[in-house]
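To keep things clear, I will list the structure first and then write my remarks on it.
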Amino acid sequence: MKALILAGGFGTRLRPLSCTRPKLMFPVLNRELLDWTLERLSKSGVDRVILAVSHMADALERSFRYSRYGIEIVYSRESRPLGTGGPIKNAEGFLIEDGEPFFVLNGDVFSDVDYEKILKFHEDRGAKATIALYEVEDPGRFGVVELSGEDRIKRFVEKPKLGEAPSRLVNAGVYVLDPSVLSIIPHGRKFSTERKVFPALAREGSLCGYRFDGLWVDIGLPEDYFLVNRMMLRSLAADKPLVGKNVNVHERARVVAPSAVGDGSTVAEDAEIGPYAVVGRSVEVGKGCRIEGSIIFEGAIVESFASIRGAIVGEDSIVGRWAKIEEGCIVGDHALIGDNVTLTRNVEICPFKEVRSSVLEPGKVM
């Protein structure tokens, strides 16, 4: 079984973190988002994954190489953005070899959808395409469907205006497609699966919807990224923190569940981590620090008596002594926040930036 993962997006709404990494390499509990997806696919019998890549493709290839969890990984490169449908057509040569249905996944979705069940559902109904559907409170950000009693999708509306959504069942970014669907998509052109392919299949009655409950987050915004980490902490570290290998936690430091500390990190005396904190690999947390409700990326240094609450600190960044980073702040990779600096709510610091004075109004520091 094959799966195509759409991995070419720019992640503009996740800047400044996405300035230096593709969305599929954002860590969730100190594992890349793509790593979680590959593991789940491998358990469902998928033995080949095609990554449709464009933006920062080299970073993905260096990290994941050509196999993981027994899955062969191949790369289908776009020379220019091709939308959501164009990358599927671009990978046609990898997808039609055996004439069997294949999965297509939006790479920035974190879910526990059962791939074997959706495949059986697709085959039992003789559909050309099947979309995984998830019910949400606010469907305006997503493709929304009107579903018949026979699980056929009667109508597909992409990102409807307020009050115009036909239901609260949204496109969950997991599809099963028959190779025949590729004939609808032109080669070498930007093309939308959601606006052109799915409506055409709905009109002919060959598009089905598979409803599922469980874990599902579309990691399109910083608040979504926080949410998926919090959900995984509640699931895996509710009673006891997840502490990696070769972690040095001082006897007078506290790591409060639910929290996670990555391999090779150090936590100095009187520091307190948690609840709902994820500290990455090889992070140095200094004496008397407080880190709560935050995500600290790999290699960061948080110096003595700094306070970080409800924020994200990027890879290899430095947070100085007595610095204070408040809720909604995002510090890009390799940035330096000076001693005694305060970042008020919703401040974004670009990668490699040095900040030596407090920023007391929300905004971006370029």
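Please treat every number below as a calculation from the coordinates, not as lab data. What you see is a predicted model; the values in this text were computed from it and never measured. Note that we place each Cβ from the backbone using ideal geometry, even for glycine, and neighbour counts take in every protein chain shown.
Before moving on, here are some points about what is shown:
- For Lys159, the aspartates and glutamates whose Cα falls under 20 Å of its own Cα, not counting residues fewer than eight places away in the same chain, are Asp108, Glu135, Glu137, Asp138, Glu146, Glu194, Asp218, Glu223, Asp224.
- Local electrostatic count, His250, Cβ distance below 14 Å [Lys/Arg +1, Asp/Glu -1]: -2
- Value in Å of the Kirkwood radius, where region 255-328 supplies the Cα pairs that are averaged: 11.3 Å
- Estimated at 0.36 nm per residue, the fully extended path between Asp213 and Arg62 surpasses their Cα-Cα distance by 50.9 nm.
- Rg to Rh quotient for region 270-309, alpha carbon positions, Kirkwood Rh: 0.91
- Distance histogram in 5 Å bins (all Cα pairs of region 194-305, percent per bin): 3, 11, 18, 19, 13, 8, 5, 5, 5, 5, 4, 3, 1, 0
- Ranked by how many other Cβ atoms sit within 10 Å of their own Cβ, fewest first, the residues Ser357, Ser180 fall in the order Ser357, Ser180.
- Mean shadow area of the chain over all directions, Cα convex hull, nm²: 18.3 nm²
- Efficiency of FRET from Cβ geometry, Glu158 and Lys117, R₀ 25 Å, rounded to 0.05: 0.45
- Taking the number of Cβ atoms within 10 Å of each Cβ as an exposure proxy, the fewest-first ranking of Met366, Met232, Met1 is Met366, Met1, Met232.
- For region 119-188, radius of gyration divided by Kirkwood radius, i.e. Rg to Rh on alpha-carbons: 1.00
- Relative contact order %, region 45-93, counting alpha carbon pairs below 8 Å whose residues are six or more apart: 45 percent
- By the count of other C-beta atoms within 10 Å, a proxy for reagent exposure, Cys208, Cys350 are ordered fewest to most as Cys350, Cys208.
- Across the chain, C-alpha contacts under 8 Å between residues 6 or more apart give a mean separation that, scaled by the residue count, equals a relative contact order of 12 percent.
- Efficiency of FRET from Cβ geometry, Glu327 and Asp239, R₀ 30 Å, rounded to 0.05: 0.70
- Förster-model FRET efficiency, 30 Å R0, Asp98 and Ala200, C-beta, rounded to 0.05: 0.75
- Of the residues Val243, Val261, Val53, the one that moves most in a GNM of the chain with alpha-carbon contacts below 10 Å is Val243.
- Gyration tensor (Cα) of region 237-365, equivalent ellipsoid semi-axes in angstrom: 23, 13, 13
- In a DSSP loop and with at most 16 other Cβ atoms within 10 Å, the GluC sites (Glu not before Pro) in region 140-192 are Glu150, Glu164.
- Remark: region 153-199 projects, on average over all directions, an area of 4.2 nm² (convex hull of Cα atoms).
- Of Lys89/Lys154; Lys120/Lys161; Lys2/Lys23, those spanning more than 31 Å from alpha-carbon to alpha-carbon: Lys120/Lys161
- Along each principal axis, Cα extent of region 27-116, largest first, Å: 32, 30, 21
- Dmax and Rg, reported as Rg then Dmax, of region 52-92 (C-alpha, Å): 11.0, 30
- Spin-label pair Asn346/Glu39, simplified geometry with 7 Å Cα→Cβ offset, distance in nm: 3.5 nm
- Here the spin labels are modelled as points 7 Å beyond Cα on the Cα-Cβ line, and at Val74 and Glu251 they lie 5.8 nm apart.
- Cα centroid separation - region 168-233 against region 281-326, whole Å: 36 Å
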